[in-house]
Each structure stands twice: as C-alpha cells, then as structure tokens.
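For reference, the structure is listed below as structure tokens.
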Amino acid sequence: MVDLQPTPKQQQVRELIHQFAAHAVRPISLQADRDHKIPDEFLLRLAAMRGAMSSGEVPAEYGGEGGGLGASKDARGRSQQNRFTLLSAEEMAWGDGSVLLSLPGPGLGGPPIQFMGTPEQKKRFFSIFQDQEKLHYGAYGLTEPGAGSDVSAIATTCRKDGKTWVLNGRKCFITNGAKADWVVIFATVDRVLGRAGQRAFVVEKGTPGFSVGKIEEKMGLRASETAELVLDDVRLPEENLLGGEAHYAGKEGFMGAMKTFDSSRPVVGALAVGIARAAWEATRDFVRENYVLARPIPRYAQLATLLADGARMIDAARLLCWRAGWMADEGIPNAKEASMAKAYAAKMAMKVCADAVQVLGAHGLERSAFVEKWYRDIKVFDIFEGTAQIQRIVISKRILKDPPSF
Ligand SMILES: Cc1cc2nc3c(=O)[nH]c(=O)nc-3n(C[C@H](O)[C@H](O)[C@H](O)COP(=O)(O)OP(=O)(O)OC[C@H]3O[C@@H](n4cnc5c(N)ncnc54)[C@H](O)[C@@H]3O)c2cc1C
C-alpha cells in the first residue's frame, strides 16, 4: 500500500528547515537574484547543514550523511530517503529556488556516480564533500548547443589514444558548472551508434583543455550559476570512465544518464510545489487583506476561486511527487510516475505564480515583490530535466506499452 505519511521525526526536521527557509533564506533571496550570486559565507553555512536536510546524495560509506536527519526508516525498516528529500526540497524552494540549486554537494552529478561508478570512483569523487571548510560541487554535463531534449544527438566526442581518453566538445546550461570540482560529462565514441556509443566520464576542474565558457544570463533562478563548458583535447586516464569499459556493452551510458532523472524529476516537482506554495500564500494574504477584510465585495469572489484552484492543484502535485518518491524508496520502477509528477507540478506552479502576479496587480510586478521573482523563476521548471513535451513522450510510451488499469 502506498505510504505517504511523513514520520514524526520527518515532520520535526521539515519544520526546522522551514524556519531556516523563512528566517535565513528569504531575507537574502531578492538581493541574491539582483547580484546573480549567493554569498559564499551563506553557502558555507548551508554546507554545514547538509547533515540535516541532504538527500543523502553522498552515501554514508563515502563520508556523507546517508540521507539526512529525517531519512528514517518506515515500520518495515525500509529507507524513506527519497520521500524525505522531497519534503526538504519543497521547504527550501519555498524559501528560494536558486539557493537550493546552489546547495554545495554533488548535485545532479551524484546519481550517475552512484548508479554507474565503481567503488573506487565513488570513494574518489564523493570523499571531497567531507571537507566542509570549503565549498565543493559536482555537476552534470549532458546538454549541448545541438542536443537538449534529444540526448542521443550529443556531439561531444571521446576517442581512445592508448590508455588515455581524449574528449572534445562543448556543453551548455550546466548548473554549478563553473564552480564544480568535477563534472560528469557525456560523450560519444561514434554518433552513428546513437545511445550505444555514449560514455560518461568524470572531468575534474583544472584538467588541461577543460575550461569554462560563458556564464548564462537567465530570466529566472538568476542566483543559480549556469555555465558553458569547453572540452578541447581533454586527456583523461581510463579510471575516469564511469563504471569502466565493460559497463558500456549495451546502452548503459545512456541508461545512466536517464536513471538520474527517475530520482531527480520528483525532486524538481517538489521544488516547483515549494515555489507555488510561496506564491499561493502571498496571494492568499493579499486577498485577505485587500478584499476579504477591507472590501468584502461579491465580485471579488473570483479571487477566492483562484485560491481554491491553487490549493487543490498544489495538493495534487505534491501527492504525485510523493508517490514517485515512495516508489523510488520501494525500489519500484517509477519513470512514468516521476515524469507525471514533474510535468504536472511545473505547469501547476506556472499557473499559481502567474495568478499571484495577476491578483496583486501592479504590485505584483514590482521588483521588490517576491511574486515577480517567483513568476520569472518558475518557467525553467517546465524546461530543465526534460521539457513538458518530453515528459509526455516518457508517459505516453509507457502507458501504451503497459496500459494502466484505473
Ligand atoms: C537553469 C537551467 C539549468 C540547467 N541545468 C542543466 C544541467 O545541470 N545539466 C545539463 O546537462 N543540462 C542542464 N540544463 C539544460 C536543460 O536540461 C535543457 O534546456 C532541456 O533538456 C531542454 O533542451 P533545450 O533547451 O536544448 O531545448 P530543445 O530540446 O531544443 O527543445 C526546444 C523545444 O522543442 C520541444 N521538443 C524537443 N523535442 C521534442 C519532441 N521530440 N517532441 C515534441 N517537442 C519536442 C521541447 O519540448 C521544447 O519546447 C539546464 C537548463 C536550464 C535552463
């Protein structure tokens, strides 16, 4: 049976994260957006808090926190790590979406190392996060100027030269790409082979030929760094090929890239829920203050209807995310449910944020108003980690192959 009930301990930790988001994150949010940067001192503070709220992206055996304070086990002794990650992600995004994406740690680079890495590679690349005196990041480099949704089109090449791999190409829109200690880079031995030709490498900062291009100027999530990365005859030892050569006998390189999304898409959905909740609360307060209490005019009933719509859609999105997280905790394949959660949550949150600006009227457009920022921030949630259209492809493929019984 689906069990979505947070444990008392999880609720307690969730409340702690909420207090932090309200009293530490929100106060820096607007300035960080203007500066396109979150202060390093603040990020170091976040690094020290990873133990409480982390998704367990650094496994305990490699010096990590193993799932955060709230990742307790359920009555049957099963991990609730994915479910807890969703709770903490929603609370932090309620404070600010960019801050959450800038949380020091392996980020999206963590799952491919977890799924494909050898024990030596996991030790090597995860152990740097034990050091909390400095900011450490991992990143995930899949997207290219000519390959976003169509992952099989990646053109970054890798070729073997003796015992060395040589990489050439260009990656774009890589979250935390410029500050990352290492980036998981997907490349191809031969584009004709499609997905079977793909390999994943870990490229470390400072490797000759590996450089940062431009830092992307974005409409939203402006305090989160998104970078272009250039690979110009980058030479890597065999040990940097994730999982070793045998791992790529089939479509493993591509599958490793895709598996990342099964665990990350529900989290992206939860982030969208957090931002939607923030915008909905601002709308509710504005309606209460300006209409319900000040001008209880019947024609403003439409605004109350908007609030009702927002509340039910936020609830529905959260439940979809929690279901996908529960399936991941249970080890049940969840690609379809992860896509459903992400696609629904992103669209829902775009509507709730747009409604917030609409209801606040001109006040909603002021740069000092959070809703203006949330309106800009939310759009990307329908684009990264697979666009709205790509989620529908994932869902429709699966429902046609294995029709669900409702
Ligand atoms: C803030 C931000 C952070 C990001 N972080 C990362 C990161 O860390 N690592 C990384 O690798 N990438 C990252 N990305 C890139 C992101 O994953 C891509 O932008 C996304 O996959 C879409 O690719 P694209 O932008 O090239 O759009 P395209 O793939 O070119 O799509 C353009 C449009 O065509 C539609 N489309 C494409 N194919 C189809 C189809 N088959 N059927 C119907 N419609 C289709 C799309 O839905 C979209 O509307 C990030 C992007 C942003 C904006």
- Computed over the chain: longest principal axis from alpha-carbon atoms vs helix 40-53 long axis, angle to nearest 10 degrees, is 90
- Task: Would you kindly state the longest site-free stretch of the chain, with sites defined as GluC sites (Glu not before Pro) in a DSSP loop (not H, G, I, E, B) surrounded by at most 10 other Cβ atoms within 10 Å?
- Result: 218-406
- Query: Ignoring ligands, DNA and RNA, what accessible area per residue does the chain give at 1.4 Å, in Å²?
  - Reply: 44
- Note on the structure: All alpha-carbon distances of region 258-401, grouped into 5 Å bins from 0, give the whole-percent distribution 2, 11, 19, 19, 16, 12, 9, 7, 4, 2, 0, 0
- Given +1 on the Cβ of Lys and Arg, -1 on the Cβ of Asp and Glu, and no further charges, what dipole in debye does the chain carry about its Cα centre, rounded to the nearest 20? 840
- Query: Which shape class, rounded, prolate or oblate, goes with region 86-148 when its Cα gyration tensor gives a ≥ b ≥ c as root eigenvalues, a/c under 1.5 marks rounded, and past that a/b bigger than b/c marks prolate?
  - Reply: oblate
- Nearest-5 percent of antiparallel DSSP beta bridges in the chain? 80
- Task: Would you calculate a helix-derived [θ] at 222 nm for the chain, using -39,500 (n - 2.57) for each DSSP H run of n ≥ 4 and dividing by the full residue count, to the nearest 500?
- Result: -15000 deg cm²/dmol
- Note on the structure: For region 138-252, averaging the sequence separation of alpha carbon pairs under 8 Å that lie six or more residues apart and dividing by its residue count, the contact order in percent is 29
- Carbon/sulfur accessible area of the chain, % of total, 1.4 Å probe, equals 56
- Task: Return the distance in nm (one decimal) between the two label points of a simple spin-label model at ALA48 and ASP190, each offset 7 Å from Cα along Cα→Cβ.
- Result: 5.5
- Note on the structure: Filtering chymotrypsin sites (Phe, Trp or Tyr not before Pro) in region 313-378 by DSSP loop and by at most 14 other Cβ atoms within 10 Å leaves none
- Query: With θ set to phi - 60° and the Karplus curve 6.51 cos²θ - 1.76 cosθ + 1.60, what are the ³J(HN,Hα) couplings of region 270-277 in order, to the nearest whole Hz, using x for Gly and Pro?
  - Reply: 5, 5, 5, 4, x, 5, 4, 4
- Item | Close Lys-Lys pairs in region 258-401, where close means Cα under 29 Å and separation is 8 or more or interchain | 25
- Semi-axes, largest first, in whole Å: what does sqrt of 5 times each Cα gyration tensor eigenvalue give for region 138-252? 23, 16, 12
- Message: Place a point 7 Å from the Cα of GLU120 along the Cα-to-Cβ direction; which residues of region 156-200 have their backbone N under 15 Å from it?
- Response: 163-165
- What does a probe at THR157 reach in region 204-220, counting residues whose amide N is under 19 Å from the point 7 Å along Cα→Cβ? 209-211
- Note on the structure: Both in Å, the radius of gyration and Dmax of the C-alpha trace of region 106-187 are 13.7, 40
- Could you state the orientation-averaged shadow area of the convex hull built on the Cα atoms of the chain, in nm² to one decimal? 20.9
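The values are calculated or read from the model by the stated rules, or taken from the named source; none is laboratory data. Small disclaimer: the values here were computed from a predicted structure and weren't measured. Glycine gets a Cβ as well: all are built from the backbone with ideal geometry, and neighbour counts include every protein chain shown. Only protein heavy atoms, including side chains, enter the accessible area calculation; ligands, DNA and RNA are left aside. Shrake-Rupley method; radii C 1.70, N 1.55, O 1.52, S 1.80 Å.
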